[in-house]
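> Okay, handing you the structure first.
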Amino acid sequence: MLRSAWSNRSWHVIVADPGAGKTMSIRDLRKTAGGRSMLTITTPKNNEEEQALGDQLYTALGLPLRGYWPTRKPKLMGYLHQYGTEFLVVDDAHDLSLKHLMFIKELTDQGRREIDHPLGLCLVAAGRGNTIPLKETLDMPETTWVQFRRRFDKLQPFCRIAGHTSGEVREILASLETVYRELFPQLNLRQWTGFIYTWLTQSTFDQTNSGRVTMDYLMKLVTTALEWSYHAGDTEVRAETLEKAASLFVLRRDTLRIIDGEGPSSEAPSSASPSVAQTSETEQVSSPQASSEPSPISPTEQADQPRSGEEVAIPTTASIKCTFLGVVPIDIKRFAESGVSLVECPDCGRTWTLSPRGGVVRFKSHDKRKTTTSNIAERWAMRETIWKVVGGENK
């Protein structure tokens, strides 16, 4: 869409979900363009004056910001013509003020009127669902906005870039196989297309129920699994690794983890990483009762479905007292705004409900969580509760 706008010198508002890859696409096209034929700027935050946007254009051209703005403003279009600029892209366009839009109209009108130099324009904005940023402004009946709206492409003035379908997810995974082939000779990510698509179209990520996958979530999930596999010395992403990464990424995304002393480790899950050990509480359990919220199919289930009636062996360990009896300071205001409801013990990973008093969270004496058959019901109940929250029932 950006290339088409550049080629035709047309005007568009392009909208996509946060994390869809708007900024990266602009950056890649900018690298391909070279020179100053294409200028990319970001909408100034917390500054609605036209000078803020004009200074962004001066900086993109590589020109110094010397002199007063009333003196520099009339010269800007001449510089754009001198450097052969044909196309402007404004990122984060949902933050544009009325003064910014008026300046863009005035600048482009000057180019057409005085030196017959038309400029293509793309206002790239973030928006969810059916929201189209700037449309309400451009639909106002005032003459200025009617004139502004007339400059947009007659057939495609507002464009929404949808997320990825299951088939497109498969194509992306195929491309990643090529990219990482040197590090993973036997890499086959496409076999997990259904699993990844199912996890990333839950209401936690797809809040508008569009059935589409956002690029940012897809890359975070896949690269996490690849990193763990690389540290473990694997030549392929195993089902267990991908399942653990997905569970941690989705089920525990809002869990507050207390780090007391030594920071996070870069070890692989197979070497007893604390994060994976904690995640195993919610993912290695089978229950004869069906959950009220259906859970996504795991890669393990895709590869090898267990026979009905077959029991799962769970290792048994002796009860050991947790040694962590510390006090964790928490800012009450930030805690109230975060919406976090669970906290993990830094030593054993046991999950507690947050109830700070006097600005701190106190960990009382407790046993480390045992991985025995006696707490299967407790762990399954916890998993059901988490699914009800992240699945949208108590959204």
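> Among residues belonging to the range 59-71 that are more than 22 Å from K22 (Cα to Cα) and touching a helix residue (DSSP H, G or I) at 6+ places or on another chain (Cβ under 7 Å), point out the one that is surrounded by the fewest Cβ atoms within 10 Å (Cβ to Cβ).
Restricting attention to the range 59-71, the residues satisfying the condition of being more than 22 Å from K22 (Cα to Cα) are 62-71.
Subset that is touching a helix residue (DSSP H, G or I) at 6+ places or on another chain (Cβ under 7 Å): 63, 65, 69.
Values: L63: 15, L65: 11, W69: 13.
Applying the filter and picking the extreme gives L65.
> Additional query: Taking the range 189-241 as the region of interest, how many residues are among the acidic types (D, E) and in contact with a Phe, Trp or Tyr (Cβ under 7 Å, 6 or more places away or on another chain)?
1
> Which condition from (1) in contact with an Asp or Glu (Cβ under 7 Å, 6 or more places away or on another chain); (2) crowded, with 17+ Cβ neighbours inside 10 Å is the one that S37 breaks?
Every condition holds for S37 apart from (2).
> Limited to the range 83-133, what total is found for residues that are within 34 Å of the chain's Cα centre (by Cα) and charged (D, E, K, R)?
7
> Report, by residue number, each residue of the range 75-90 that is out of contact with any Cys (no Cβ under 9 Å at 6 or more places or on another chain) and in contact (Cβ under 8 Å) with a residue 24 or more places away in the chain.
L76, M77, G78, L80, H81, Y83, G84, T85, E86
> Among the residues that make up the range 17-30, is at least one of them of a type in the set (D, E, K, R), part of a loop (DSSP other than H, G, I, E, B) and either out of contact with any helix residue (DSSP H, G or I) (no Cβ under 8 Å at 6 or more places or on another chain) or closer than 22 Å to F158 by Cβ (or both)?
Yes, that holds for at least one residue.
> Another question about this same structure. Applying the selection to the range 222-254, what residues are of a type in the set (A, V, I, L, M, F, W, C) and over 21 Å from R181 (Cα atoms)?
Scanning the range 222-254 gives A246, L248, F249, V250, L251.
> Got a sec? Which of A125, A52 is part of a helix (DSSP H, G or I) and touching a His at 6+ places or on another chain (Cβ under 9 Å)? So that I can check it myself, show each step before the final result.
Values: A125 fails: part of a helix (DSSP H, G or I).
Just one listed residue meets the conditions, A52.
> Here is a follow-up. Quick one: would you say Q110 is surrounded by fewer than 19 Cβ atoms within 10 Å (Cβ to Cβ) and either in contact (Cβ under 8 Å) with a residue 40 or more places away in the chain or over 30 Å from P18 (Cα atoms) (or both)?
Judged against the criteria, Q110 is a match.
> Do you know which of the residues in the range 192-204 that are of a type outside the set (V, I, T) and closer than 19 Å to L176 by Cβ is surrounded by the most Cβ atoms within 10 Å (Cβ to Cβ)?
The selected residue is W199.
> When you scan the range 183-255 for helices (runs of 4 or more DSSP H) that lie fully inside it, which ones turn up with 1 or more residues that are closer than 17 Å to G167 by Cβ? Explain how you work it out, then say what you get.
Details: elements: 193-200, 215-231, 239-250.
Qualifying helices (runs of 4 or more DSSP H): 193-200, 215-231.
> Moving on. Using the structure shown, decide if T42 is among the polar types (S, T, N, Q) and buried (at least 18 other Cβ atoms within 10 Å of the Cβ).
no
> Could you go through the range 33-45 and let me know if any residue there is part of a helix (DSSP H, G or I) and either modelled with pLDDT of 95 or more or aliphatic (A, V, I, L, M) (or both). Explain how you work it out, then say what you get.
At the first step, the residues of the range 33-45 found to be part of a helix (DSSP H, G or I) are 33.
Next, from what is left, pick out any that are either modelled with pLDDT of 95 or more or aliphatic (A, V, I, L, M) (or both): 33.
Yes, there is a match, as at least one residue in the range 33-45 is part of a helix (DSSP H, G or I) and either modelled with pLDDT of 95 or more or aliphatic (A, V, I, L, M) (or both).
So that you can scan it fast, the table gives a plain yes or no per residue for (1) assigned by TED's automatic domain parsing to the domain that holds S210; (2) within 20 Å of T40 (Cα to Cα); (3) hydroxyl-bearing (S, T, Y):
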site: T71; (1), (2), (3): no, no, yes
site: Y83; (1), (2), (3): no, yes, yes
site: D91; (1), (2), (3): no, yes, no
site: L98; (1), (2), (3): no, yes, no
site: M102; (1), (2), (3): no, yes, no
site: E106; (1), (2), (3): no, yes, no
site: G111; (1), (2), (3): no, yes, no
site: T131; (1), (2), (3): no, no, yes
site: P141; (1), (2), (3): no, no, no
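The values are calculated or read from the model by the stated rules, or taken from the named source; none is laboratory data. Every value quoted in this text rests on a predicted model; they were computed, and no experiment measured them. Positions of Cβ are generated from backbone atoms using ideal geometry, with glycine treated the same way; all protein chains shown enter the neighbour counts.
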